[in-house]
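> Submitted below is the structure of interest, expressed as structure tokens.
The values are calculated or read from the model by the stated rules, or taken from the named source; none is laboratory data. On a predicted model such as this, the values are computed, not experimentally measured, just so you know. Cβ placement follows ideal geometry from the backbone for every residue including glycine, while neighbour counts extend to all protein chains displayed. These accessible areas exclude ligands, DNA and RNA; they are computed on the full protein's heavy atoms, side chains included. Shrake-Rupley method; radii C 1.70, N 1.55, O 1.52, S 1.80 Å.
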Amino acid sequence: MKNVKAFLMKWRKLRFQEKRRRLPRHVHTLAQIKIDEIKICGVKGIILDLDNTIISEDDRYLSPCAEDWIQQAKLAGLQFFILSNGKRRYRVKYWSHRLDIPALSPAKKPFRPAFRHAIAYMRLPAKHVLVIGDSLHTDFVGSLLCGCGYMQVASLPHPPRWWEKLAGKWVQIPYPSGGELWDFDGAAGYESFL
């Protein structure tokens, strides 16, 4: 009887610790996300945003160490899918090829079909998928509608669109001033994807 009680106490303690493990809701860059932490929380697949998450919308900046982080996450067994609302499909094709990640564009986020497509492609239940993006109104809302987890990264510097001038501070985290940025000079590679 004592062994059963001891086992139950240990089991309850472990369950309590599991419930307390929560992923951070906000990070500045992809590279700051701890791969081991997300795996411990049950994440097996990641839906990634492209514009202002990996590469700035105007193709000036690349998120520091993003490509290395993606490769490390793949080696750790995580699956990826890119969903982009960007209208320039050649950019999405280029990044899909460069990162070796399947992609869909235009995804029409936050609506469910694109998220469901990505989840089905990875053959995972939604509870094991994490959506990582820079915008609450597209990435976060889409993750909520599909039952996925969500993590918001700071939006890479880019020329603000009209709606960002009005509501940007409520839906995006500004990139920290003085934060490391990598210049991107590979836009010439887009030509073969036109």
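> Counting Lys +1, Arg +1, Asp -1, Glu -1, what net charge surrounds Cys146 among other residues with beta carbon under 12 Å of its beta carbon? Don't jump to the answer; show the numbers that get you there.
On the way: positive: Lys109, Arg112, Arg116, Lys127; negative: Asp139.
Spelling it out: positives minus negatives among the neighbours equals +3.
> Let me make sure I get this right: for the range 80-176, a, b and c are the square roots of the gyration tensor eigenvalues over alpha carbons, sorted descending. Under 1.5 in a/c it's rounded, otherwise prolate if a/b > b/c, else oblate. Which is it?
Oblate, since a/c reaches 1.5 and b/c is not below a/b.
> Check which residues have an amide H placed less than 5 Å from Ile173's amide H, if you skip close sequence neighbours.
For Ile173, the qualifying residues are Ser155.
> Same structure, new question: Ignoring ligands, DNA and RNA, how do Phe184, Phe111 rank by accessible area with a 1.4 Å probe, largest first?
Heavy-atom accessible area, descending, gives Phe111, Phe184.
> When averaged across all projection directions, what area in nm² does the alpha-carbon convex hull of the chain cover?
12.8
> Count charges around Asp100 for me, please; just the other residues with Cβ under 12 Å from its Cβ, Lys/Arg as +1, Asp/Glu as -1.
Taking every other residue near Asp100 into account, the sum is +1.
> Which entries in the list Lys39/Lys108; Lys34/Lys74; Lys34/Lys87; Lys34/Lys93 go over 24 Å, if you measure between the two C-alpha atoms of each?
Result: Lys39/Lys108; Lys34/Lys87; Lys34/Lys93 exceed 24 Å.
> Working out 0.36 nm times the residue gap between Lys87 and Cys41, then minus their Cα-Cα distance, what length gain in nm do you get to one decimal?
13.2 nm
> Add +1 for every Lys or Arg and -1 for every Asp or Glu among the other residues with Cβ under 13 Å from the Cβ of Leu130, and state the total.
Details: positive: Arg22, Arg25, Lys34, Lys39, Lys44, Lys127; negative: Glu37, Asp49, Asp139.
Once positives and negatives cancel, what remains is +3.
> Loop-only trypsin sites (Lys or Arg not before Pro) in the range 39-91, please: DSSP not H, G, I, E or B, and at most 12 other Cβ atoms within 10 Å.
Those that pass, being in a loop and sparsely packed, are Lys87.
> Expressed as a rounded percentage, what relative contact order does the chain have, with Cα pairs under 8 Å and six or more residues apart?
Normalised by residue count, the contact order of the chain is 25 percent.
> Through the Karplus equation 6.51 cos²θ - 1.76 cosθ + 1.60, θ set to phi - 60°, convert the phi angles of the range 76-82 into ³J(HN,Hα) values in whole Hz; use x for Gly and Pro.
7, x, 7, 9, 10, 8, 9
> Follow-up. With runs of 4+ DSSP H residues as the only contributors, calculate the mean residue ellipticity of the chain at 222 nm using -39,500 (n - 2.57) per run, divided by the residue total and rounded to the nearest 500.
Result for the chain, helices only: -11000 deg cm²/dmol.
> Further, regarding this structure: Taking θ as phi - 60°, what are the ³J(HN,Hα) couplings along the range 186-193 by the Karplus curve (6.51, -1.76, 1.60), each to the nearest whole Hz, with x for Gly and Pro?
Rounded to whole hertz, the list is x, 4, 5, x, 5, 3, 6, 10.
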